[in-house]
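The values are calculated or read from the model by the stated rules, or taken from the named source; none is laboratory data. Small disclaimer: the values here were computed from a predicted structure and weren't measured. FYI the Cβ positions are ideal-geometry reconstructions off the backbone, even for glycines, and counts take in every protein chain you see. For accessibility, only protein heavy atoms count, side chains too; no ligands or nucleic acids. Shrake-Rupley method; radii C 1.70, N 1.55, O 1.52, S 1.80 Å.
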Amino acid sequence: MEFIDKIKARAAQNLKTIVLPEGTEERTLKAADKITQEGFAKVVLIGNPDQIHHLADEYYLKNLGDVQIVDPQNNPKKEAYIELMLKLRAAKGLTREDAEKQLLDPLYLGAIMVKAGDVDGEVSGAMNATGNVLRPAFQYVRTMPGISVVSGAFIMFFKDTLFGENGMMVFADCAVNPNPTAEELAQIAVMTGRTTRAIAGFEPRIAMLSFSTKGSAKNELVDKVVSATLLAQQMDPTLQIDGELQADAAIIPGIGAQKAPGSKIAGRANVLVFPNLEVGNIAYKLVQRMAHAEAIGPILQGMAAPINDLSRGCSVDDIVSLVAITSCQAAGL
Ligand code: ACO
């Protein structure tokens, strides 16, 4: 896909190191081999080195010879990591024994390696549920300054180029926060605008979606979106944000002009911010299946360092693409 080729080219200009905690998983190993061959990022694998080498031979992978492997059972940095973990979470009740146990879990070890600055980012989730990938990241890597919630954006590619930015749109939050407050929704909008600029590569026009357009319905759910819109506009005045808008008013020019006259976003939105996770997750999946849109993500945004989560149904190429995106996030590209 042309979009991913561009992302890889950008990543290659500023090589970053991405840890893959599921180092003994077949698709992950094949992806690591491909990334190393293509050379747009460095990868570090977590797992038993003998097992990884054995599997690499079994899958005829030729590029993993020099790849760094970190063995959770024999980790030379164990003591330094335990100190770091205790510094960060002893006040939350973490004991030395807890920390030792967590370091045996590749997902925790990967997050600590990111926090320690030994790698620039992490991609995992090929065989772990979203919550298990996110929890260590939330606990140790935490959010960037000024942001309290991590959220997940999808870049959507539509066959119909009339939508969004020549058929590209960004949807959020489709992955993390079940029921954000107005303040959290505002952060999600702002972070999605920044992800759009940095990764999707176009100037965002952000619609805050609801079942009401500009006061057409009165409900506390609508009030939340109205407040979030104001807060988001204040948080980052460089972003074009409008709401509350219904989906048709956001993306269809004629309906936007009729329902929200004067709005610079209505009818022209290329970023859709959903009021909660039920709507966001269902909407992206319906659009992906019924409109045959391609969905890249979730791209996690708002973390202090990039950690991204794969779908368990991912392909080798999905992992390769997400490593490229994570590298660009790490490089601040
Ligand atoms: N951003 C940043 N930090 C967070 C967030 C967030 N969105 N949510 C929770 N945290 C932090 C908390 O502050 C807490 O930190 P602390 O331990 O330092 O106090 C820590 O994470 C754990 O918080 P809990 O409230 O205990 O969170 P829990 O672990 O129960 O749940 C989780 C977090 C797993 C992300 C939950 O929100 C969740 O399951 N979300 C839905 C994920 C999902 O299933 N998505 C749909 C599938 S993905 C897809 O289809 C693409």
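Put one equal scatterer on each alpha carbon of the range 184-240, apply the Debye formula with no solvent term, and list log10 I(q)/I(0) at q = 0.22, 0.24, 0.25, 0.27 1/Å to two decimals.
-0.82, -0.91, -0.96, -1.05
Step through the residues of the range 261-271 one at a time and calculate ³J(HN,Hα) from phi using the Karplus curve (6.51 cos²θ - 1.76 cosθ + 1.60, θ = phi - 60°), rounding each to whole Hz and writing x for Gly and Pro.
Once rounded to whole Hz, the list reads x, x, 6, 7, 9, 3, x, 10, 5, 10, 10.
Skip the ligands, DNA and RNA, and give the accessible area per residue of the range 1-141 with a 1.4 Å probe, whole Å².
49
Search the structure for amide H atoms under 5 Å from the amide H of GLU244, placed 1.01 Å from N in the peptide plane, and list their residues when 5 or more places away or on another chain.
LYS214, GLY215
Place +1 on the Cβ of every Lys and Arg and -1 on the Cβ of every Asp and Glu in the range 1-75, take the dipole about the Cα centre, and give the residue among GLN51, ILE69, ALA9 whose Cα lies farthest towards its positive end.
Of the candidates, ALA9 comes out farthest on the positive side.
Calculate the dipole size of the range 181-238 relative to its Cα centre from +1 charges on Lys and Arg beta carbons and -1 charges on Asp and Glu beta carbons; express the result in debye to the nearest 20.
Using only the charged Cβ atoms, the result is roughly 200 debye.
Report LEU162's accessible area, 1.4 Å probe, all protein chains in place, as a number in Å² to the nearest 10.
Its heavy atoms expose roughly 150 Å² to the probe.
Taking R0 as 41 Å, what FRET efficiency do you get between GLN258 and MET1 from their Cβ-Cβ distance, rounded to the nearest 0.05?
With a Förster radius of 41 Å, E is 0.70.
Which values, in whole Å and largest first, are the semi-axes of the equivalent ellipsoid of the chain obtained as the square root of 5 times each eigenvalue of the Cα gyration tensor?
Gyration-tensor ellipsoid for the chain: 37, 23, 15 Å.
Could you give the alpha-carbon Rg of the range 151-295 over 2.2 N^0.38 Å, rounded to two decimals?
So the Cα radius of gyration is 0.92 times the expected 2.2 N^0.38 Å.
State which stretch of the chain is the longest one without any exposed trypsin sites (Lys or Arg not before Pro), exposure meaning a DSSP loop state and at most 14 other Cβ atoms within 10 Å.
Excluding the exposed sites themselves, the longest stretch runs over 63-158.
Treating only the Cβ of Lys, Arg, Asp and Glu as charged (+1, +1, -1, -1), what charge dipole size does the range 151-295 show about its Cα centre? Round to the nearest 20 debye.
For this selection, approximately 300 debye.
Hey, what's the per residue convex hull volume over the C-alpha atoms of the range 64-141, in cubic angstrom?
In the range 64-141, the Cα convex hull volume per residue is 103 Å³.
Using Cα pairs closer than 8 Å and at least 6 residues apart in sequence, work out the relative contact order for the chain, in percent.
So the answer I get is 23 percent.
Which listed residue (ALA283, GLN258, ASN179) has the Cα farthest towards the positive end of the charge dipole for the range 151-295, taking +1 on Lys and Arg C-beta and -1 on Asp and Glu C-beta about the Cα centre?
Of ALA283, GLN258, ASN179, it is GLN258.
Residues with amide H under 5 Å of LYS16's amide H, sequence separation 5 or more or different chain, H placed in the peptide plane at 1.01 Å from N; which?
Close amide H contacts, sequence-distant or interchain: LYS42.
Say the dipole of the chain comes from +1 at the beta carbon of Lys and Arg and -1 at that of Asp and Glu; which of VAL150, LEU230, ILE206 then lies farthest toward its positive end?
Selected residue: LEU230.
If contacts are Cα pairs under 8 angstrom and at least 6 residues apart, what is the relative contact order of the range 151-295 in percent?
Relative contact order, the range 151-295: 33 percent.
Hey, what do the phi angles of the range 131-140 turn into as Karplus ³J(HN,Hα) couplings, whole Hz, using 6.51/-1.76/1.60 and θ = phi - 60°, x for Gly and Pro?
Working through the residues one at a time gives x, 6, 6, 6, 4, x, 5, 5, 6, 10 Hz.
Using a 1.4 angstrom probe on heavy atoms only, work out the carbon and sulfur share of the accessible area of the range 151-295 in %.
Exposed carbon and sulfur together represent 57 percent of the surface.
Can you tell me the length gained on complete extension of the stretch LYS62 to LYS92, counting 0.36 nm per residue apart and subtracting the Cα distance?
Fully extending the segment from LYS62 to LYS92 adds 6.3 nm.
So what are the ³J(HN,Hα) numbers for the range 239-244, from phi and the Karplus equation (6.51, -1.76, 1.60; θ = phi - 60°), rounded to whole Hz, Gly and Pro as x?
Those phi angles translate into 8, 8, 9, 9, x, 7 Hz.
Pull up all non-local amide H partners of ILE307: gap of 5 or more, or a different chain, and H-to-H distance under 5 Å with H placed in the peptide plane.
Excluding prolines and chain starts, which carry no amide H, the hits are GLU122.
Please calculate how many Å² of accessible area the range 151-295 carries per residue, with a 1.4 Å probe and no DNA, RNA or ligand atoms counted.
Heavy-atom SASA per residue in the range 151-295 reads 44 Å².
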